[in-house]
Amino acid sequence: MTESLTGLSLPAQTDRSILVRALERIGQTSMNHLREGGYITEAEAKPLLLDYQSALVSAKPPTDFLTFVAENQAAKHSLTVEGEIGRMQKLLRSCMNDRVHCWSFGPLPGKASSLYDHCPKLRNVCATLGCPASLAGETSIVHIASINPVAAQVASFWIRQELNRETEADAPFVFSFLTDLPSWQLLMQRHFAA
């Protein structure tokens, strides 16, 4: 399913180069939807994608494609970064047939480290994709939060694949949720602060 969404097949290894490739594909897929939805023109999209790809290999890569675009577009549209992200989220959700639901009820249920304690290699995947995730009581239910529905979908497939590798049990139910910028920033801090 993730291949049809982004053209990215999920690898068994999760080194930095694989994760950067995943972020590039998430950025390209997100940008395609934003362009098709009229948020951005083809002429604006190309340099933004190139700048994003360069930023991914910098010493301080962006935390999410949408934050990167919002920071570049906010002044142009006379909006805040949060307002810009809200506009993009609305468009991306409609393009994706609302496969990622909105979460506005505070923190996700479950202990922040529960998923990463169970499957340590998922911490780096979730942190890099900007998708904090937690087990909701047991390994059969996982909640993921993101500001980017494309990243949330990729993370959900990646988590499901890793958990299926770890156990012989049934595939987990993975629920992806879209949050606003302040909630996402708090979750990122809670899940991945050093």
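The values are calculated or read from the model by the stated rules, or taken from the named source; none is laboratory data. Nothing here was measured: the structure is a model prediction, and the numbers come from that model. Here the Cβ positions follow ideal geometry from the backbone for every residue, glycine too, while neighbour counts run over all protein chains shown. Protein only, heavy atoms only, side chains kept; ligands, DNA and RNA dropped before computing areas. Shrake-Rupley method; radii C 1.70, N 1.55, O 1.52, S 1.80 Å.
Each residue in segment 64-89 was checked for being polar (S, T, N, Q) and part of a helix (DSSP H, G or I), and 4 pass.
Has segment 135-149 got any residue that is open to solvent by less than 40 Å² (accessible area, probe 1.4 Å), at pLDDT 90 or above, assigned to a loop (DSSP other than H, G, I, E, B) and not assigned by the TED database to the domain that holds Thr67? Yes, segment 135-149 contains at least one residue that is open to solvent by less than 40 Å² (accessible area, probe 1.4 Å), at pLDDT 90 or above, assigned to a loop (DSSP other than H, G, I, E, B) and not assigned by the TED database to the domain that holds Thr67.
Being small (Gly, Ala, Ser), part of a helix (DSSP H, G or I) and open to solvent by 20 Å² or more (accessible area, probe 1.4 Å), is that true of even one residue in segment 20-40? So far as segment 20-40 goes, no, none of its residues is small (Gly, Ala, Ser), part of a helix (DSSP H, G or I) and open to solvent by 20 Å² or more (accessible area, probe 1.4 Å). Taking Pro61 as the residue in question, decide whether it is open to solvent by 10 Å² or more (accessible area, probe 1.4 Å), within 29 Å of Asp15 (Cβ to Cβ) and part of a loop (DSSP other than H, G, I, E, B). So Pro61 fits the description; yes. Every condition in (1) under 17 Å from the mean Cα position of the chain (by Cα); (2) open to solvent by 10 Å² or more (accessible area, probe 1.4 Å) holds for Ala70 except the one numbered (2).
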